[in-house]
1. Tell me, which residue of the stretch A:107-127 that is more than 12 Å from every other protein chain (Cβ to nearest Cβ) and under 19 Å from residue A:81 (Cβ atoms) is surrounded by the fewest Cβ atoms within 10 Å (Cβ to Cβ)?
2. Search the stretch B:367-381 for residues that are on the phi < 0 side of the Ramachandran plot and pair each with any residue that is small (Gly, Ala, Ser) when their beta-carbon atoms are under 7 Å apart and the residues are at least 6 apart or on different chains.
3. So, in the stretch B:176-203, how many residues would count as being without any contact (Cβ under 8 Å) to a residue 40 or more places away in the chain, facing chain A (nearest Cβ under 10 Å) and not in a helix (DSSP H, G or I)?
4. So, of the residues in the stretch A:82-106 that are open to solvent by less than 20 Å² (accessible area, probe 1.4 Å) and part of a helix (DSSP H, G or I), which turns out to be nearest to residue A:196 (Cα to Cα)?
5. From the list A:340, A:312, which one is acidic (Asp, Glu), in contact (Cβ under 8 Å) with a residue 40 or more places away in the chain and either within 11 Å of another protein chain (Cβ to nearest Cβ) or open to solvent by 20 Å² or more (accessible area, probe 1.4 Å) (or both)?
6. Could you tell me which of the residues A:330, A:303 is in contact (Cβ under 8 Å) with a residue 24 or more places away in the chain, surrounded by 19 or more Cβ atoms within 10 Å (Cβ to Cβ) and more than 10 Å from chain B (Cβ to nearest Cβ)?
7. Please specify each residue of the stretch A:12-36 satisfying the condition of being surrounded by 18 or more Cβ atoms within 10 Å (Cβ to Cβ) and either more than 14 Å from chain B (Cβ to nearest Cβ) or over 18 Å from the mean Cα position of the chain (by Cα) (or both).
8. Does the stretch B:186-198 contain any residue that is surrounded by fewer than 19 Cβ atoms within 10 Å (Cβ to Cβ), touching a helix residue (DSSP H, G or I) at 6+ places or on another chain (Cβ under 6 Å) and hydrophobic (A, V, I, L, M, F, W, C)?
Amino acid sequence: VQDRCGCVLMMLCDGVCVQAQKLLRERLCHQKLPDQPVGLDSQYKHLLELLRRTAVHGESNSVLIVGPRGSGKTMLLGCVLRELMSLKEAQKNVLLVELNGLLQTDDKIALKEITRQLHLENVVGDKVFGSFAENLAFLLEALKKGDKSSSRPVLFVLDEFDLFAHHKNQTLLYNLLDVSQSAQTPVAVLGLTCRLDVLELLEKRVKSRFSHRQIHLFSSLSFAQYLDVVRAQLSLPPDFPDPKFSDEWNHSVTKLCEDKTVEEILRRNFNGSKDFRSLHSLLFLAVSRVSVSHSTLREADLIEAWRLISVDSKANVLHGLSILELCLIIAMKHLNDTYDGEPFNFQMVHNEFKKFIQRKSHSIHKFEKPVVMKAFEHLLQLELVRPVDSGVCKVQREYQLMRLMLEHGQVMEALQRYPQCPTDVKQWALSAFG
Amino acid sequence: MSHQKSFQYADLLSVLERVVDIMSAPDQYSYPSVFIYGHRATGKSHVVLSIMKDLELPHASVDCVECVSSGLLFHQVLSAFFGPDAAALLPRCPSLSDFVRLYKQMSSNSPATQTRYIILDRAERMRDMDFSLLPALLRLQELVNDNVTVILLSEIVWEKFRPNTGCFEPLLFHFPDYSKGKSLVQILSWDHHPSYTPELYASYINILLGVFFSVCRDLRELRHLAVLNFSKFCEPLEKGEAKESDIHKLWKNIEPHLQRAMQTVYLREVSSVQWEQQQMDEKEATTLRVLSAHAHIELPYYSKFLLIAAYLASFNPARTDRRFFLKSHGKIRKTNFLKKHEKTSNHLLGPKPFPLDRLMAIFYSVVDSRVAPTASVFSQISSLVTLQLLSQVGHDDQLDSPKYKCSVSLDFILAISRCVCVCVRLLDLLALSLVIQSQVVRQERSLFTAVSNLHLL
């Protein structure tokens, strides 16, 4: 009987573990909207008020939400829209058009997308319009016909707003902001962008029609608040079906956050970047280790996850090079040291390498020049070495000027980790001037 | 293949565990994008595709080299997930917007029960396509609101991919390279010939790696070389001159052969067919006719002198011409040889352009008989330009004083001058120009005396 219980427990544990994983993955990978955004109260209120005025009172508005990548712009907007749509009047009337600068790379494509999202394809039919403005005016007019007195408010959400500023003549932006200034239809134009200097990208006529309202999302979390956020992100909510498991889990998470090494790791991550996206990738790598056999989060998981995130990828690449290629990199490093980073060509590198072979080396035997050239070209393909001017090919290959894309420190560190590195090569690298 | 698979898992265990962990819950969301990097032939595509097949996950595998336009990529992805009918709905030159719209439409009809994976091999090519393709694919999960993950495989590190204004950062995984001792020998030994023992093949592989490992670690190249040279290795065994245990004898037989292979087959100077042909020939030490061997370029008599003169003009500075090429130039004055760094020696910087007059002057002093300046001599210069042995610098319109540059290397010039059977003096001139260029100033005095002695001969 005990065995059967044990098995049943395992199965229950299995199901519960899976559910916990599911919840955490949704939170960390799928960026599910939290109930209330953390640390963004004033911005939340401001935005909600603005959109309410458009949706309920018919006021036209334009606003830009500016913040670095991963600071929560889309999340903030999502929460605000969720609350807005819960209002009865808004739910009936408001139309939402979502455009993305990455997808709608052209104004024509953007216009087609607007037509589609407003469900006006049939109304437009095969009409041909003279200009963008006419087309947009027609669409907004068509919205009026449904509701005789006034038009329905439209919310235009422009993700990656700075990319729209690169379109020809910025027609889409001009027309949308123009409509938001004139009193025809209640329109709210919301831009989300990661560029702080986005206003400089706008043309004068576009900028003047913009209301210059900006909501900045600069994370002002202190480290203690950051730790709280980590705890909250990893904890299971109170309405989890198995309260015993969730209590144990939350308890282990609290203990984990108090551990010294974990705090050290989180502090280093915090010093690197305060945004939530990098935190999510770190936590996800740790959470993905949780399985039936090991059903709590341990500090080893976090340490492993941190190691994966903080590794230098070029050092990994250098680890797999052949000895000849490594010698070429050391020769280039010496050239950089001697001539203060001036560009070099293959002949110079080969010359340095030959000097090393003749004077100091015992283990590396002399390779023919074409073999050395092939190794050099492999380094070119890995983009560890780049030509100074990539277009011009009038110069012979051996004389084309190049630069090394590695730093002194990276080369020396890679040398330490290189498997079975011959001592004379190491000595050569450490010596001052070739 | 399965034993290869199991081996690979053993070697890359920790990385694989992580990758499999990420994919282990197919009915739940996974991280929107993953970037896997590593050297060539470390098994990135093979492992990822094997995992997909084993776990039976819906995936679309696209090689970015094939996708000349982004429309081809969209087509492949849609047809892999939703069938060819869906792909046919794409318009003629589909934009990213069309792709996302169609994807959303299709996935709302058939939502994903398991995570869909899009695997993009050789993802470094995507940087040359539409600028918005890479950032959009990295956040595809959010854009189409479906359970999809994009896996990028590449040789180049992530820092070179990141767009200017940033993008959604994927999870990074590094596939480690092979170590010499265990993995590489083991993998290469799988190709062993059935009629010989695996131990013999393993010792052959060790000899091969002893020659080639310090130059190249690409598994594909090493396999190719191993296959090509094995018959030569086994020659003494077949002839009965050695037994399988006489490793030293076998090594002595094969090692010079492998050295020659490094200069020819490894560099693709000869094709593998030619190489195998040469092994079957009983003649010993015949030189292979390699692709870039200049020994067999046939040039007319004066063209050779013109080329030598061009080389001297490119690599000697103009002020030394008097010293070298005038029969009697009187006293040698100690000109100020600027302190040249070794680096700025002409042999390292490359050939310098020279005007036609200078070329003809050097030519007349170099050539051993009296030559009249006829059109046939000048037309040989144009043929040398067409053969790309000389290159013209400056615009075609400059008929007045065209400038040229020598584009061949010293080895070629030495080979030519040898076949011209020119007198020793010419070789000395060439050697001298080498010496002048590579020595540092403090030996200036002795050089001047050496030069003057030469001309008095």
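The values are calculated or read from the model by the stated rules, or taken from the named source; none is laboratory data. Just so we're clear, the structure is a prediction, and the values are computed from it rather than from any experiment. In this analysis, Cβ positions are derived from the backbone assuming ideal geometry, glycine residues included, and neighbour counts consider all displayed protein chains. Accessible surface areas use protein heavy atoms only, side chains included; no ligands, DNA or RNA. Shrake-Rupley method; radii C 1.70, N 1.55, O 1.52, S 1.80 Å.
1. Once the filter is applied, the top-ranked residue is A:119.
2. Qualifying pairs under 7 Å: B:380/B:303.
3. 1
4. A:84
5. A:312
6. A:330
7. A:16, A:17, A:20, A:21, A:24
8. The answer is no; no qualifying residue exists.
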